[in-house]
Each structure stands twice: as C-alpha cells, then as structure tokens.
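These notes are about the structure you will find just below.
Every read-out reported here was derived from the displayed coordinates using simple, explicitly stated rules and does not represent laboratory data. On a predicted model such as this, the values are computed, not experimentally measured, just so you know. Glycine gets a Cβ as well: all are built from the backbone with ideal geometry, and neighbour counts include every protein chain shown.
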C-alpha cells in the first residue's frame, strides 16, 4: 500500500504543486512541512492503514527526490562519473574514467523516471509528451540532458545526462588530462586571440565542447560574443556574452525558432564573435557567408569522425539546403571562411585526445585541401589497456600566420618544426 500511496502523492505533487520542482534553496524541514499535510490528506481519503514510521519513510523518500535526483543523486555527485544513462527503470549505466558500466541502481517503475523528467523540465520551456516525445535541456550546472519517452523509446523513458566538468577550466587542465601538449595549447590559445575561425570536430562524447569552453576563456573581455545553441551548454566567463537558444514547437506545433533563424538574427546584433554550439544543417552556408563578410574569430562544433569528414558533412549540408550552388563554389567558401579544424577523439582506453589540428590550405583539384599541423600517433596499447602514443608536428606552418603578427602575438615558429 505504501508504494501505491507514494505514487499517488507524487502524481498530485506533479499536477498541483509544480512550483516546488523549481524552488531554489528549499530546506529539508521546509519541504517536510509542505509534504506532511498532503500525505495526511491522502491517508484520510484512501482510508489507508499505514504506520507513522512508514508515513515518515515515504515523506523522507519524496524529499530526497524533490531536493535531488532520486536514485541517481549519488551518481551525479560522483566526480569520477562523466555520464549517466537511464535505459528504463531497471538498467542505469554510468561512464567512469571513460568506461561505461552497469550500476546496481534502479527506479521503482517508469512513473518514477517520468517524475524525474518532470523535475528536470520544470524550470525550462521544454516539454515532452506523446506528440513530441524527445527533447534536450541543460541543468543549472551546465550538464546536458537528453530525454526520449514512449512511444519512441520501447524500453521505457530514456534519460542521458552528460555532466558538466567543473574541474576543467584552463588549458593547463587539458594538458594535465593528456588532451593535448604544451605546443598545441600555445598554438590554439594564440589562434583564439588572433581571431582565427575554428571548427571543433569529433564524435559524441569526445570532449569537443569542453575544449571549446576552455579555449573560449581566452577571448578578450572587451569583445561582444553571441552564442547560439540548440541546448545551452556553453559556459563563457566573459561579461559581454549574449546567449541564444533555439526553441522547439509548442504542443500545437507552432513557435519553433531554428538555429538558422537565430544565426541570421545574430548578425544584426553587432557581434565581435559568434559561437555556434553545433552545425547541423543549412546554417552551415549562413555561417560561411557571415565569416567571409567580416565576422572573424568564429567558433563552432560539428559531429564528424575525421577532418576530411568535416568538409564532406558541410558540403552535404549546403547541397541539401536548397540553395543552387556548385561543389567547387562551396569548397571555395569553406577554405575562405575556416582556418582550422580541431579533431578530438575518445580512444579505446576512454581517454580523450586532440588527434588532429588541421588547416585549410587552398584548393586542390577543385576541392578543399586539408593539411595537418599537429598529429597524434598511436604506438599501441600497453598491458594495462592504456593507449600509448605521442603528438608530433608535421612541419607545416599555418598559412594564416600573419594573423598572429597583426594581433601582436609573439608565437615562435619553432613549435611547428617537423620531428
């Protein structure tokens, strides 16, 4: 009976007391005082036979859910865990040190997961229901949450939480983690300060957004930065930052605002830089044209497995946008607009490394020509399962080296000497 009673109370709280979901800094005792009268009302209405001890136990469990994230609260607090994946009520996975493992944590039923989803969505403008059964939001700490519910999710509600790393703030933190070396960090920081246009590429979970976040800290304070994202997860430290987020359609299917529309509007906001959270579609052409028209220092993210794939994906996005433009013209736009592609990967041992820093160096046979400046060579895997390798310079010097001189940045060309 206590489980059924707890379910009914939870449902009433969801429908009648949504304000509690988004209340900030609520103390445990204050919440207990709110829940006890609701509990007593249900006991009287249901004529439930329940001991005082069981009543207080249910209240305590509900408080844990309201003040935190229920069964997964411990996983979210564990600093060694970078991602939490809920595959229905009875299978909860966690990524620890780059490796995914099945935990011993479970939910009572699908309704408890739906309650967690309601709690996550309450402070936002997002929603999920049968007509729009998926969405993506950010938690207050910057962690990103993807939600898919039935009928799309056949195993029950699916929740994937990619935790925001509070420990990774400076380029030195990435060096210590083995994401890149000192030469590469000096080069990338110089590129940010000199307003080079950079695309950060990689698969899901490779760490590209984290790297962008870290490098964005080197954008000068006096610049006006506009960020455009589907789900706001970038955390810039500058004061003069305008954050824009796309909007999904309402329940009636109206009011959608796309990334492309936001990007076009951002050009009228006098930005010194535009940071595009992810290139997914026709906005690729808008971005290239904007950069070519003088908006330097733009940063963006794209999902691709190699630097070459970045070019192929952007070509495809533009070709399918409906704009009548040939492939060679597209590649001319790409090489004019983009200076660097920073490719990041998650290796077999779970470590995340920048494996290519590649520049666009003109056209070759009518196609954009990519040239690696730095590479990560894998030597093998040791007996502990750790990937062994090293970064090396290819000997190529940036064709945009003059940008550093114009910006007054003293970057030694020695870091590009071939090894």
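One table, with the values for the structure above:
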quantity: 20 Å reach of a label modelled at residue 230, 7 Å along Cα-to-Cβ, counting backbone N of segment 171-213; calculated: 199-213
quantity: Computed [θ] at 222 nm, deg cm²/dmol, the chain (DSSP H ≥ 4; -39,500 (n - 2.57); rounded to nearest 500); calculated: -10000 deg cm²/dmol
quantity: Percentage relative contact order, segment 44-152, counting C-alpha pairs under 8 Å, at least six apart; calculated: 14 percent
quantity: Ranked 66, 401, criterion: other C-beta atoms within 10 Å, fewest first; calculated: 401, 66
quantity: Distance between modelled label sites at residue 381 and residue 49, nm, 7 Å Cα→Cβ extension; calculated: 6.0 nm
quantity: Separation of the residue 125 and residue 296 label points, Cα + 7 Å toward Cβ, nm; calculated: 3.4 nm
quantity: Stretchable slack from residue 396 to residue 240, in nm (0.36 nm times residue separation minus alpha-carbon distance); calculated: 52.6 nm
quantity: Ordering of 116-125, 73-82 by packing [mean C-beta count within 10 Å, highest first]; calculated: 116-125, 73-82
quantity: Cα-based helix-to-principal-axis angle, 283-292 vs the chain, degrees rounded to 10; calculated: 40 degrees
quantity: Projected area, mean over directions - segment 365-419, Cα convex hull, nm²; calculated: 6.3 nm²
quantity: Cα gyration tensor, segment 171-416 - rounded (a/c under 1.5), prolate or oblate; calculated: rounded
quantity: Peptides 33-41, 85-93, 298-306 ordered by average Cβ neighbours within 10 Å, highest first; calculated: 298-306, 85-93, 33-41
quantity: Two-site label geometry, residue 218 and residue 32: point separation in nm, points 7 Å out along Cα→Cβ; calculated: 5.2 nm
quantity: Angle between the chain longest axis and helix 52-67 axis [Cα atoms, degrees, rounded to 10]; calculated: 20 degrees
quantity: The chain - percent relative contact order, Cα under 8 Å, separation 6 or more; calculated: 11 percent
quantity: Principal-axis tilt of helix 307-319 within the chain, Cα atoms, nearest 10 degrees; calculated: 80 degrees
quantity: Linear extension gain, residue 349 paired with residue 57, 0.36 nm per residue minus alpha-carbon span; calculated: 100.9 nm
quantity: Distance between segment 98-141 and segment 362-389 - C-alpha centres, whole angstrom; calculated: 37 Å
quantity: Sorted by Cβ density within 10 Å, fewest first, the residues 295, 127; calculated: 127, 295
quantity: P(r) histogram, all alpha-carbon pairs of segment 139-296 included - 10 Å bins from 0, percent; calculated: 9, 34, 36, 16, 5, 0
quantity: Quarter of Cα convex hull surface for segment 277-400, i.e. mean projection, nm²; calculated: 8.5 nm²
quantity: Ratio of the Cα radius of gyration of the chain to 2.2 N^0.38 Å, where N counts its residues; calculated: 1.13
quantity: Segment 69-110, relative contact order [Cα under 8 Å, separation at least 6], %; calculated: 33 percent
quantity: Gained length - residue 258 relative to residue 172, 0.36 nm times residue gap less alpha-carbon distance; calculated: 27.4 nm
